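Reading through the structure tokens given below for one structure.
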Amino acid sequence: MRIRDKRPEDQPAVERFLETRWGGTIVVGHGTTYDAARLPGILTTDKSEMSGLLTYAVGGDGLEVVSLDAVAKGRGIGTALLEEAKRRAKPTGRLWLITTNDNLDAIRFYQRRDLRIVSVSPGAADEARRIKPTIPRIGDYGIPIRDEITLEIILG
């Protein structure tokens, strides 16, 4: 596995990856709409094929992970991407992200990598669905998708 920055020539592959894995390139969270394909990114490759992608935005409140996805679970791809994002976030002092209440596997993944739940926004996923109607109503494990959960790690 190799890890590297997303490059301009990766754009078509990044768009295909997000379309396939996320149903599109648009991500809505905390009332903000992102085109994840246009954001800075870190990707992993195996034998020249993209095996993982993390996109992010940097602002006054730290580095926000907008999307993180690995083709194969349990192979260290997500961990490698997150660790690289933490390294990049260190000068900002904070790495944070939003996920939805149904995404129990991701919540477990992030907490095991030292991120903490810092807020729950009841009804925020319902609001996001008004912007992006393709957000499903029922998610992982048959759980209704209603709320957004913010996780963070303070980096020193």
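The values are calculated or read from the model by the stated rules, or taken from the named source; none is laboratory data. No experiment lies behind these values; they were computed from the predicted model shown. Here the Cβ positions follow ideal geometry from the backbone for every residue, glycine too, while neighbour counts run over all protein chains shown.
Computed values, structure above
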item: Listing of strands (runs of 3 or more DSSP E) fully contained in segment 1-119 that carry 3 or more residues being under 26 Å from G142 (Cα atoms) and in contact (Cβ under 8 Å) with a residue 60 or more places away in the chain; result: 26-29
item: Subset of segment 1-46 [among the polar types (S, T, N, Q), under 22 Å from A89 (Cα atoms), touching a helix residue (DSSP H, G or I) at 6+ places or on another chain (Cβ under 8 Å) and surrounded by fewer than 16 Cβ atoms within 10 Å (Cβ to Cβ)]; result: T33
item: Which numbered condition T150 fails, given (1) modelled with pLDDT of 95 or more; (2) surrounded by fewer than 14 Cβ atoms within 10 Å (Cβ to Cβ); (3) under 15 Å from G29 (Cβ atoms); (4) among the polar types (S, T, N, Q); result: (2)
item: Any hit, segment 81-102, residues being small (G, A, S) and touching a Lys or Arg at 6+ places or on another chain (Cβ under 8 Å); result: no
item: When residues of segment 130-141 are limited to those that are part of a helix (DSSP H, G or I) and without any contact (Cβ under 8 Å) to a residue 40 or more places away in the chain, the one nearest to E152 (Cα to Cα); result: D140
